[in-house]
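Notes for the one structure printed next.
We did not get these values from a lab; they are worked out from the coordinates using the rules stated. If you're wondering where the values come from, they're calculated on a predicted model, not measured in any experiment. Glycine gets a Cβ as well: all are built from the backbone with ideal geometry, and neighbour counts include every protein chain shown.
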Amino acid sequence: MGQTTFNHADDSAVPRPLVHVQQLSKTYGSFSALSGVTFSVRSGELLGLIGPNGAGKTTLFECLAGVQPFDSGEITFPFGGAQRPPKSSILFYVPDGITPWPDQTVGWALQFGIGFFGGLQDLYPDIVRELSLGELLHVRIRALSKGQRKRFLLGLGLLMPQRVLLIDEPFEGLDLRQSREVAAVLRKFVDKGRTIFVSIHQIADAAKICDRFVLLSNGFVVAEGKLDELTSLAERKQASTSLGDFEEVFLALT
């Protein structure tokens, strides 16, 4: 991978939060999509937002990214101090299932994104290679399959300069081999200091790649922590020491 690095905001054992979400709520009419959601995104971690379809994951990401307004609560960037950096300079959001610039080619779109957003040109060859985008550079985006479009969107996001990357369902549409390759690419970026926040409904996949987890159920955060911390919490709740995997932990806590 290229020379770009993403400096950690804090070198302590427990990094300071880059993003703190406090009591965030969002309703659609009488339906409550998010209710008092509170958690933090720490520097240099791969954080997983885990929950079933309909839990509120996409709504939460859209509120974080400013795609839609929230009703109450606060999103702050503690490391910025009194300067209060703009959200757009901190967060970049990669939605699921979109088709930007459908009549342009993959190569055009990646280079346009780099130029427009001040992206990381030095990482372009590595991203193209590691996400197997070389054969797609001259293909129009509207002609991509679901999995190809996902890899293009991931490449676009990883080329952006923001410190925190939000990715909605990074493995949706990918086969097993592609999912493993994408997971390895995400881990390489995190190991270089990038902070990545992913939403995943496949709990087994999340357990393999994430450093910490935010568990979301029916719009509520039911727990936040590392796998061993969540396992201990679930075992205390269930009065059991026989929880076998992350799926059982999630079910016990929700």
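The calculated 222 nm mean residue ellipticity attributable to helices in the chain amounts to -10000 deg cm²/dmol, summing -39500 (n - 2.57) over DSSP H runs of n ≥ 4 and dividing by all residues. All C-alpha to C-alpha distances of the chain, sorted into 5 Å bins beginning at zero, yield P(r) values of 1, 6, 13, 17, 19, 17, 13, 8, 4, 1, 0, 0 percent in whole numbers.
Going by how many other Cβ atoms sit within 10 Å of their own, how do THR254, THR195 line up, fewest first?
THR254, THR195
Mean sequence separation of contacting Cα pairs (under 8 Å, at least six apart), scaled by the length of segment 97-161, corresponds to a relative contact order of 51 percent. Per-residue 3J(HN,Hα) values for segment 136-141, derived from phi via the Karplus relation 6.51 cos²θ - 1.76 cosθ + 1.60 with θ = phi - 60°, read 9, 4, 9, 8, 5, 4 Hz in sequence order (x marks Gly and Pro). Amide hydrogen proximity for TYR93: with H placed 1.01 Å from N in the peptide plane, the residues at 5 or more positions away or on another chain lying under 5 Å are LEU166. Think of the chain as having a plus end and a minus end, set by charges on the Cβ of Lys, Arg, Asp and Glu; of GLN202, GLN148, GLN22, GLN148 sits farthest toward the positive end of this dipole.
Remark on ALA223: its backbone amide H falls under 5 Å from those of LEU215, a criterion applied only to residues 5 or more positions apart or on other chains, H modelled at 1.01 Å from N.
GNM remark for the chain: springs join alpha carbons under 10 Å apart, and the peak mean-square fluctuation among SER35, SER88, SER179 falls on SER88.
Give the Rg/Rh ratio for segment 97-161, taking Rg as the radius of gyration of the Cα atoms and Rh as the Kirkwood radius, to two decimals.
Rg/Rh for segment 97-161 comes to 0.92.
Of all segments of the chain bounded by trypsin sites (Lys or Arg not before Pro) found in a DSSP loop with no more than 16 other C-beta atoms within 10 Å, the longest spans 1-191. A viscosity of 0.890 mPa s and a temperature of 25 °C, combined with the Kirkwood radius over Cα pairs in Stokes-Einstein, give a translational diffusion coefficient for segment 35-124 of 154 µm²/s.
Rg/Rh for segment 157-254 (Cα atoms only, Rh after Kirkwood) is 1.00.
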